[in-house]
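The values are calculated or read from the model by the stated rules, or taken from the named source; none is laboratory data. Treat the numbers as computed from the prediction; the structure is a model and nothing was measured. All Cβ positions, glycine included, derive from the backbone under ideal geometry; neighbour counts span all protein chains shown. Side chains are part of the model used for accessible areas, which takes the heavy atoms of the whole protein and leaves out ligands, DNA and RNA. Shrake-Rupley method; radii C 1.70, N 1.55, O 1.52, S 1.80 Å.
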Amino acid sequence: LWQAADNAAARQLNLDLQHRGPLHPGLSFRNATWGETKLQWLTTLRAAGYAAARLGQSTARVDVASGSVTLDGEVQSGPLFRAGTLQVEGLVHQDPATVRRLADFGAGAPLTETLLLDYQDRLQKAGLYESVVINFDPDPANADAAPITVRVHELPLQQLTAGLGASTDTGPRASLEYMHRLPFGVPITAYNKLEWGRLLQRWT
């Protein structure tokens, strides 16, 4: 099943597959449940970095006399995909070095679902990008160094927001917020907020 049969993580994953899916010993057999179990095998493998995993042969042998079903299923993992070059697309103002720095992993790292989702979360929390999409080439020939593509859509470089309000504590007030995501070409975010009311004047 595994090309890296001597790898402890791969062996553990192989064992975990036996408990994946809704079909377990003692439960009523349904073909749809058998199919769902096999799909969960694939999902588990691909999330663990085996992007080229596919189903092999599978059989369900029914013994009418005993009311039992013997199941045999094969899943072929293919190679473990590892990180290669990181390509950044969609930038207009921001430095691609920021995208690469937030990767927090180097070449050769297993491309697991957790690793990629954590990377996407860090990019979204940076406050610089409206949307982030990360994918990699699932060609088994490039598994040892799969190219990763990060497509981003930047938030506006500058943002101005005005508001009016009132409260029982401070009375009526006006506010003005200004944000610049690359002031003077420096890779920081500058934020200013001015609030002006009868009882409260504040600059943040």
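What the table shows:
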| read-out | value |
| --- | --- |
| Extreme residue, modelled with the highest pLDDT, among residues of the range 103-131 that are assigned to a loop (DSSP other than H, G, I, E, B) and open to solvent by 50 Å² or more (accessible area, probe 1.4 Å) | A107 |
| Residue list for the range 28-53, filter: under 30 Å from P147 (Cβ atoms) and out of contact with any helix residue (DSSP H, G or I) (no Cβ under 7 Å at 6 or more places or on another chain) | K38, L39, Q40, L42, T43, L45, R46, G49, Y50, A51 |
| Residues satisfying the stated conditions in the range 171-204, i.e. polar (S, T, N, Q) and in a strand (DSSP E or B) | S175, N192, Q201 |
| Residue check, G73 of a type outside the set (V, I, T) and either in contact with a Pro (Cβ under 6 Å, 6 or more places away or on another chain) or assigned to a loop (DSSP other than H, G, I, E, B) (or both) | no |
| Filter pass, T161 being over 30 Å from W34 (Cβ atoms) and in a strand (DSSP E or B) | yes |
| Number of positions in the range 19-63 that are open to solvent by 40 Å² or more (accessible area, probe 1.4 Å), touching a residue at least 40 places away in the same chain (Cβ under 8 Å) and assigned to a helix (DSSP H, G or I) | 1 |
